[in-house]
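A.B. asks: Before we start, here is the structure in question, set down as structure tokens.
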Amino acid sequence: MSTPQTIEKVILGVDPGTVVMGYSVVHIVKGEIKPLVMDVIKFNTKLDHYTRLAKIFEELSKIVTLYTPDEMALEAPFFGKNVQSMLKLGRAQGVCMAAALSKKIPVFEYSPRLVKQSIVGNGNASKEQVSGMLKAMFPGAEHSYLDASDALAVAVCHHNQTTGIAAPKHGAGSKKNSGKKGRSGNWEQFIQQNPERLK
């Protein structure tokens, strides 16, 4: 029997990383996004890379079992000049995908530019701008780690993309960039902003 609070869909958003992994769970109720949780899992940097990959699979599998999402959304891999960093993040993304696919949960990928565009209306927005917009959209949705807000952002982006909700226009506080950066530029900027996630 349906109720006014019937959950139409559960979306798991993930911001992969081998040191810090952000995740969020949102409920879709009457077509609206209701954030349930946004948090991070931190991995011991003293562990070797492969052990951390196993931990990523283990921890994300627990999250999948606990919240039983209908779909998982995460950022698509970058392509750039820093091959080693790209490889490590790509492996983390692949393990995240495997954790969902092993439970027959569909996986969707979105570029960082599209995620930012969907939230802020500016594909070159900073992580802080994305976090600030999410706080305005969902009062109380705050976390000390931007990885958590990034995970919420990708979940919101997925809902917007699958329901045809248009991205917001450039708002006051978002700076429009007339120059286009290539994929390598985006990756290099990401590495500069997140060196701790790729150790």
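The values are calculated or read from the model by the stated rules, or taken from the named source; none is laboratory data. Given the structure is predicted, the values throughout are model-derived calculations rather than measurements. In this analysis, Cβ positions are derived from the backbone assuming ideal geometry, glycine residues included, and neighbour counts consider all displayed protein chains.
A.B. asks: Kindly provide the set of residues from the stretch 42-62 that are among the β-branched types (Val, Ile, Thr) and either surrounded by fewer than 17 Cβ atoms within 10 Å (Cβ to Cβ) or farther than 16 Å from residue 17 by Cα (or both), ordered by number.
C.D. replies: Matches in the stretch 42-62: 45, 51.
A.B. asks: Filter the stretch 157-180 down to residues that are at pLDDT below 90 and surrounded by 16 or more Cβ atoms within 10 Å (Cβ to Cβ) and give me whichever is farthest from the chain's Cα centre (by Cα).
C.D. replies: 174
A.B. asks: Whether any residue in the stretch 3-23 is touching a strand residue (DSSP E or B) at 6+ places or on another chain (Cβ under 6 Å), modelled with pLDDT under 95, acidic (Asp, Glu) and farther than 16 Å from residue 157 by Cα is what I want to check.
C.D. replies: yes
A.B. asks: Does residue 35 satisfy being in a loop (DSSP other than H, G, I, E, B), of a type outside the set (Ser, Thr, Tyr) and under 26 Å from residue 141 (Cβ atoms)?
C.D. replies: Considered against the rule, which asks whether it is in a loop (DSSP other than H, G, I, E, B), of a type outside the set (Ser, Thr, Tyr) and under 26 Å from residue 141 (Cβ atoms), residue 35 comes out as no.
Residues checked against (1) farther than 29 Å from residue 140 by Cβ; (2) assigned to a loop (DSSP other than H, G, I, E, B); (3) among the acidic types (Asp, Glu):
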residue: 13; (1), (2), (3): no, no, no
residue: 17; (1), (2), (3): no, yes, no
residue: 28; (1), (2), (3): no, no, no
residue: 58; (1), (2), (3): yes, no, yes
residue: 73; (1), (2), (3): no, no, no
residue: 86; (1), (2), (3): yes, no, no
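A.B. asks: On the given criteria, is residue 154 in contact with a strand residue (DSSP E or B) (Cβ under 7 Å, 6 or more places away or on another chain), among the β-branched types (Val, Ile, Thr) and either under 28 Å from residue 68 (Cβ atoms) or modelled with pLDDT of 85 or more (or both)?
C.D. replies: yes
A.B. asks: Also, I was wondering about something else. Scan (1) out of contact with any His (no Cβ under 9 Å at 6 or more places or on another chain); (2) modelled with pLDDT of 90 or more for the single condition residue 75 breaks and write down its number.
C.D. replies: (2)
A.B. asks: Continuing with this model, one more query. Going by the conditions given, is residue 95 at pLDDT 95 or above and within 16 Å of the chain's Cα centre (by Cα)?
C.D. replies: It is true that residue 95 is at pLDDT 95 or above and within 16 Å of the chain's Cα centre (by Cα).
A.B. asks: Checking the conditions here, which among 126, 111, 131, 144 is crowded, with 17+ Cβ neighbours inside 10 Å, among the hydroxyl-bearing types (Ser, Thr, Tyr) and modelled with pLDDT under 95?
C.D. replies: Of 126, 111, 131, 144, the one residue that is crowded, with 17+ Cβ neighbours inside 10 Å, among the hydroxyl-bearing types (Ser, Thr, Tyr) and modelled with pLDDT under 95 is 131.
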